[in-house]
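Please read the structure below before turning to the comments.
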Amino acid sequence: MLSRLVIVSANALKGSSPLGAGLVQVSRCLHASPQSLSPVAPLPEKGGKVRHGIIPEELFQLLYPKTGVTGPYMLGTGLILYMLSKEIYVINHETFAAASIGAVIIYGIKKFGPSVAAFADKLNEDKVAKAQEVKDSAMTSLTQAIEDEKKEQWRVEGRSMLFDAKRNNVAMLLETNYRERIHMVTNEVKKRLDYQVALQDLQRRMAQEHMVNWVEKNVVSSITPQQEKESIAKCITDLKALAKTTQAKVAV
Amino acid sequence: MAGRRLALKAIDWVAFAERVPPNQKGMFNALKTRSDAISAKLASLPESPVAIDWSYYKSAVAKAGMVDEFEKKFKALKIPEPADMQTSAINAQEAEAEKDAQAYVEASKARIAQYETELDKFKNMIPFDQMTIEDLNNTFPETKLDTVKYPYWPHKPISEL
């Protein structure tokens, strides 16, 4: 894996780093000198491409211009046959052990690889999601806080209305008081004039009644007993005459 | 005895109500009811008083000169307007409220500036999936692990894991 990184970065680093490609150990220390401050590229999504699970794709790309598609296979076959025939690699018991272990490992990776990778990715995703959530909630609360502050400032601008209302109230109270005073004065004067008029009326009425009573009393006292007797006799004769005419009417 | 011109400023109670914060709504309602009561009382009183019919009284009252004397004194009477003692106090209150409001607005603006800087920090942050732990520690200083106080992994007390 490190070798692949060397092949990839060899082209990129030609002439850019003074230290040379051989010293590249960790992907993030590409900017070795303190002058370059550009942000580091994000981590690649997937690992490097491999063919047949082991051999990196870059080898095939490297050999393609010269030897075409079958080049690396020929190279591989030739190398293996060379090592076997010249007994550079000797077949022994370990070979079989290596083959079986290799087979099991390859089977295990092929079967469980993706799910393990998904699990690990999910762990990372959760962390990032939590951080993202924190960031989002912080941003929304900040914008909300700014909105609220602006609203409060707008509210403060209306403070003059309160004092206008107070002054209005005071003016209205004064005017009410003034009007009440005027009305009171008018009513009092009117009452006094009305009293004079009523007093006059009362006096006239009392004089009238007194006079009437006096005249009546005099008239009654001037009736002598003689006149009384005469008037009573006249009344009786009148009554008798009336009785006669009524009886006559009834009889008829 | 002419009535005074009343210099009342028209108050838009609806707009006023909008600007009242919710925790002062009670006070606002009290003010409004008071103002309404006062203006209703004012409206119920006629502006000029009932005119006195002097000619009728002249013919009705027998005492000579009494009505004329009353009329003369009545016309000459000048009713003093009630003294205004509260307006200056209200103006003083207004000036003080103005000062307080300025101070509040200043503080509010400072708070807004602070919020804006924090908001900018969040906006200009690099996305989380491109950050390193170093970048994270620079952006959020509270995530920095104290390797001096806790030299062994996990560099924080177990209870905080």
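Our helix-only sum for chain B, with -39,500 (n - 2.57) per DSSP H run of n ≥ 4 divided by its residues, gives a mean residue ellipticity at 222 nm of -18000 deg cm²/dmol.
Taking 8 Å as the Cα distance limit and 6 or more residues as the minimum spacing, I'd like the relative contact order of chain B as a percentage.
Values: 25 pairs, mean separation 17.8, N = 161.
This gives 11 percent for chain B.
Excluding same-chain neighbours fewer than eight residues apart, the lysines reachable from B:Lys123 by a Cα-Cα span under 20 Å are A:Lys127, A:Lys130, A:Lys135. Across peptide A:196-206, the mean count of Cβ atoms from other chains lying within 10 Å of each residue's own Cβ comes to 2. Placing a label point 7 Å from the Cα of A:Ser137 along the Cα-to-Cβ direction, none of the residues of region B:123-144 has a backbone N under 16 Å of that point.
Give the Rg/Rh ratio for the protein assembly as shown, taking Rg as the radius of gyration of the Cα atoms and Rh as the Kirkwood radius, to two decimals.
Numbers: Rg = 58.0 Å, Rh = 37.0 Å.
In the protein assembly as shown, Rg relative to Rh is 1.57.
Peptide packing for B:80-90, A:221-231 was compared via the average number of neighbouring C-beta atoms within 10 Å per residue; ordered from the highest value, the list is B:80-90, A:221-231. Between A:Asn213 and B:Gln24, the modelled labels are 7.6 nm apart [label points 7 Å from Cα along Cα→Cβ]. On full extension, the segment bounded by B:Ser48 and B:Val105 gains 15.8 nm, given 0.36 nm per residue less the C-alpha separation. Within region A:164-251, the ratio Rg/Rh, alpha carbon atoms throughout and Rh by Kirkwood, equals 1.66. Each residue, B:Ala62 and A:Lys122, gets one label point 7 Å from its Cα in the Cβ direction; the gap between the two is 12.0 nm.
In order along region B:74-91, phi translates into HN-Hα couplings of 4, 5, 7, 6, 10, 8, x, 6, x, 6, 9, 9, 8, 4, 5, 5, 5, 5 Hz, rounded to whole numbers, per the Karplus curve 6.51 cos²θ - 1.76 cosθ + 1.60 with θ = phi - 60° and x for Gly and Pro. Straightening the chain between B:Lys78 and B:Leu145 buys 15.3 nm, computed as 0.36 nm per residue apart minus the Cα-Cα spacing. Shielding by partners for peptide B:38-49, expressed as the average number of C-beta atoms from other protein chains within 10 Å of each residue's C-beta, is 5. Starting from the Cα of B:Lys32, draw a straight line to each of the lysines and keep only those under 16 Å, dropping any in the same chain fewer than 8 residues away. The qualifying lysines are A:Lys166, B:Lys9, B:Lys41.
Every number here is computed from the coordinates shown, using simple stated rules; none is lab data. The shown structure was predicted, so the numbers you read here are calculated from the model rather than taken from an experiment. Because the Cβ atoms are built from the backbone with ideal geometry, glycine has one as well, and the counts that use them run over all protein chains shown.
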